[in-house]
1. From G32, G42, which residue is assigned to a loop (DSSP other than H, G, I, E, B), of a type outside the set (S, T, Y) and surrounded by 15 or more Cβ atoms within 10 Å (Cβ to Cβ)?
2. Of all the residues that make up the range 1-29, how many are outside any helix (DSSP H, G or I) and either crowded, with 16+ Cβ neighbours inside 10 Å or within 16 Å of the chain's Cα centre (by Cα) (or both)?
3. Show me the strands (runs of 3 or more DSSP E) entirely contained within the range 96-190 in which 2 or more residues are modelled with pLDDT under 80.
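The values are calculated or read from the model by the stated rules, or taken from the named source; none is laboratory data. Because the structure is predicted, anything quoted here is derived from the model rather than measured. Positions of Cβ are backbone-derived with ideal geometry, glycine not excepted, and every protein chain shown enters the neighbour counts.
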Amino acid sequence: SGSLRYRLQMSGSIVAQACKGKRVIELGCGSGRLAAEILDSGASSYTGIDISPSAIDAANDRIKLEGLDNRASFICSDTNSLEKLDCDIVFSVGLLDWLTDDQIANIFKKSNGVDCLHSFSEARTHLAQLLHKLYVHITYGHKTGNYVPRYLSAAKMTNLLRAHCDKEVSIIRSPKLSFGVFLTTLPAKT
């Protein structure tokens, strides 16, 4: 959807503005679509982590083709298995929607107070959200034991992050994001 494409574009742009000389980790990186943009923006390194072995294989292929495999690496792991995240910036695009509150708190704890950017689907009344619920039910529900998408409270996510980070936390909303929002400690020029 347009909203998801905009989320990816906006994530890459916000992280790119702040990543010069920094070590960046993307959680739920999929096929590593943002890796080259982050590295081309001056990040000293990029690590992508995803639960899907096929996504990690595709990410490794992509980064080799782009000649950036000397500064990028990909790890196949779930969020529960993560050690302390050794980086300067950690970000995710939509991953929080798939996790429990405890898993989200664990990510924030293991991020050890570094700068972050996380997008998620906000719980609010919105026609696009109703259509999203229907889409997810049709697309994933029958495959995953009737998975129901999570829509998270911005206030709750802010409080969860503040419990593990003493930096200023902001919420970024845009009509182009539909019901998606960003939770961040990065300065964002949108």
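1. Working: G42 fails: surrounded by 15 or more Cβ atoms within 10 Å (Cβ to Cβ).
Exactly one residue qualifies, and that residue is G32.
2. Total satisfying the criteria: 9.
3. Qualifying strands (runs of 3 or more DSSP E): none found.
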